[in-house]
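Here the structure comes first, spelled out in structure tokens, and everything after it is commentary.
The values are calculated or read from the model by the stated rules, or taken from the named source; none is laboratory data. Here the structure is a predicted model, which means the values were calculated and not measured. Here Cβ is always computed from backbone atoms with ideal geometry, including for glycine, and neighbour counts include all displayed protein chains. We work out accessible area using only protein heavy atoms, side chains counted, and drop any ligands, DNA or RNA first. Shrake-Rupley method; radii C 1.70, N 1.55, O 1.52, S 1.80 Å.
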Amino acid sequence: MNFFTIVLRGLWRRPVRTALTLVGISIGIAAVVALVGMASGYEKSVVKQLDVIGIDVIVSNMEGGMMPKVFDVELQSRVSENPKVEKATTVLMQMLMVEDAPMMMVSGREWKGFTWDQLQVVEGRMPKDENEKAVVIGILAAEVLGKKVGDKVQIEIDEFEVVGIVDGQSVVENGAIILALKQFQIVTGYEGKANFLDIKVTSETTDDQIDELCEEIEEVFPEGRAVKASDVVGTSQGFRIARAMSWSTSLLAIIVGVLGVMNTMLMTVFERTHEIGILLALGWKRRMIVFLVFCESAILGLTGGILGVILGGVTLKILEATPTIRGLLEPDFSASLVFRAIAIAVIVGVISGLYPAWKSSRMTPSVALQS
Amino acid sequence: MSEQPANSNDPDPVFEAIDLKKEFDEGNVKALRGVNFKIDPGEFVSIVGPSGSGKTTLLHMLGSLDLPSSGELKFKGTNLPDLPDYADYRAREVGFIFQSFHLLPTFTIRENVQIPTFGLPGSARERKARAVELLNAVGLSHRLDHLPSKLSGGERQRAAIARSMVNNPGVLLADEPTGNLDTENAAQIMELLDLLQEEHKTTLILVTHDMDVASHASREIRMLDGKIASDSSKIPKPQSS
């Protein structure tokens, strides 16, 4: 028998209560994993998409909220004059309800623009030209919509033929419906407009020069913002909101967890006043008893954390498969998230043990023995 | 077994109480009202008296489970409240035996006996070996891995006695050790205590109501209303203030 045996035996005294506390912590931690995993997965998916397409700078006017405001496509020719710009292409992107799918990214891309380049046709073909009333859909979008080549898909009030299914090599691209900008402008009524200008810089452009380029673009397009692809996640209002929401909800879950563990440990200490009195009478030092309470509390946190991570991982898998999420993002279930979640749980355990441990250290042995 | 203690000039009594007082409830309850005694190494002392006479309070103070309100209580010449580490004192110098055994219910008998060894030097293997040795000595070798709830009262008290001796203390403090036992088991426990006391020359201080139990001791301190009513030893007592 070692000290650890005594700690475990203490938790095992009330298996139902210990189990319920663990359920409480693990649900809290699962919420952290699921929410943060979704938010961070969203960010990573977008970063990956930009990377795959080869976008270095994105120009948009984010005043509109989650989706940027439209601007005149004529901006493209002005920006293209900049010698650092190798290619610039306009995109009109909207999140729309498409048939049964609750939210789907529909991306109207300038015909012949470089954003078409990385799309690999898995089945069927690309649209013949920008005048063809046709779309290609990503492999995930095809699954979600249940479409195959030759089917029709309704976007807003118009019907388009699915001429191809494409692999865009990122979850965001694969979950999208892609069509010629001109066609999408007609459907949405935004003729001559776009809401993104994607830029690829020349190969000799350095990172600092990209920053300069961003400033130069903002001079010709003062109401908009030019953001380096690598900074999109950090500067975007939408991502910030998503991150803040996921962490604040997580914080609530953590607080509930702390209260749960603290309640359990306080009950344990009160219930075991007599036992603590015995230990003191047998020569246990107060700090050993404090450490005992701490260890029990930390183990509750650790075990709850591990269970919570498993539960959170399963939740993410389930969420990933739901029609709302599928194709929009790839949840992040990284080692760093797992580590952070477990660390949070242990900290929850330790913090929750502070007051009960202090309580236990204040007992007079003779009084504790008589309780 | 010790003889009657030597004279009051003996420099090294195990315990010496000088005008020892203990009050509870902000002085409303006076549990000890000026107690004086000396106990020498190896003595077997019974403390008797009616309920509320202060016997258990005195025993708790000898074990540093509670501190005096005033007066002095010396252990080998050091005033107990001045000890740097009460836990160390309780772990190394004294062993407790309680009326209700106070075994921890979720630990086996062997584990219970090992509990006081935590925090002291020694490997897990040594601790275990010591526990087994003591449990063999008290006749519980067949009960090592049983939980306390599976044992009879007599067996539980034997286990508690083994536990009290695990760190080889010089003093055993027993609070009504036979109070929860039938006559036969009580007699066996007293036989065991007699034997251990003789064998280890331990100072044994035993609180009891039972005059049969008290008769095992070589000295009897009778308490009444927080004072010593009689002490069968011949120690001349210092004046109470």
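Descriptive notes on the structure:
- Residue tally, condition crowded, with 17+ Cβ neighbours inside 10 Å and more than 14 Å from every other protein chain (Cβ to nearest Cβ), over the stretch A:1-26: 5
- Reported count of residues in the stretch A:244-271, each being farther than 17 Å from A:A298 by Cβ, buried (at least 16 other Cβ atoms within 10 Å of the Cβ) and within 14 Å of chain B (Cβ to nearest Cβ), is 0.
- Among the candidates B:F37, B:F44, B:F75, residue that is away from chain A (no Cβ under 14 Å) and in contact with a Phe, Trp or Tyr (Cβ under 7 Å, 6 or more places away or on another chain): B:F75
- Residue match in the stretch A:307-320 (condition: open to solvent by 10 Å² or more (accessible area, probe 1.4 Å), farther than 30 Å from A:A101 by Cα and free of Cβ contacts under 8 Å to residues at least 60 places away in the same chain): no
- Condition met for B:E126 (closer than 20 Å to B:L192 by Cβ and more than 17 Å from the chain's Cα centre (by Cα)): no
- Residue in the stretch B:63-102 that is surrounded by the most Cβ atoms within 10 Å (Cβ to Cβ), counting only those that are at positive phi and touching a helix residue (DSSP H, G or I) at 6+ places or on another chain (Cβ under 8 Å): B:S64
- Here B:P121 does not fit the description of being closer than 23 Å to A:H274 by Cβ and open to solvent by 50 Å² or more (accessible area, probe 1.4 Å).
- Sole residue being in contact (Cβ under 8 Å) with a residue 24 or more places away in the chain, in a helix (DSSP H, G or I) and over 26 Å from the mean Cα position of the chain (by Cα), chosen from A:V122, A:V47, A:V135, A:V79: A:V79
- The lone exception for B:H60 - which of (1) under 18 Å from the mean Cα position of the chain (by Cα); (2) within 9 Å of chain A (Cβ to nearest Cβ); (3) open to solvent by 30 Å² or more (accessible area, probe 1.4 Å) it fails: (3)
- Some residue of the stretch B:131-139 being open to solvent by 10 Å² or more (accessible area, probe 1.4 Å), within 10 Å of chain A (Cβ to nearest Cβ) and not in a strand (DSSP E or B): no
- The helices (runs of 4 or more DSSP H) found entirely in the stretch B:145-234 that carry 3 or more residues being crowded, with 19+ Cβ neighbours inside 10 Å are B:153-164, B:183-200.
- Subset of the stretch A:225-243 that is of a type in the set (K, R) and within 18 Å of the chain's Cα centre (by Cα) - its residue that is surrounded by the most Cβ atoms within 10 Å (Cβ to Cβ): A:R243
- Apart from one condition, A:V290 fits all of (1) of a type in the set (V, I, T); (2) more than 14 Å from chain B (Cβ to nearest Cβ); (3) touching a residue at least 40 places away in the same chain (Cβ under 8 Å); the exception is (2).
- One residue stands out among those in the stretch B:82-92 that are more than 9 Å from chain A (Cβ to nearest Cβ) and not in a helix (DSSP H, G or I): the one that is nearest to B:M190 (Cα to Cα), which is B:L83.
- Scan of the stretch A:318-371 for residues that are β-branched (V, I, T), assigned to a helix (DSSP H, G or I) and away from every other protein chain (no Cβ under 14 Å), ordered by number: A:I318, A:V338, A:I342, A:I344, A:V346, A:I347, A:V348, A:V350, A:I351
- Filtered residues of the stretch A:5-64 (kept if at positive phi and in contact with a Pro (Cβ under 6 Å, 6 or more places away or on another chain)): none
- Just so you know, in the stretch B:106-119 the residues that are outside any helix (DSSP H, G or I) and within 8 Å of chain A (Cβ to nearest Cβ) include one that is farthest from B:R143 (Cα to Cα), and it is B:G119.
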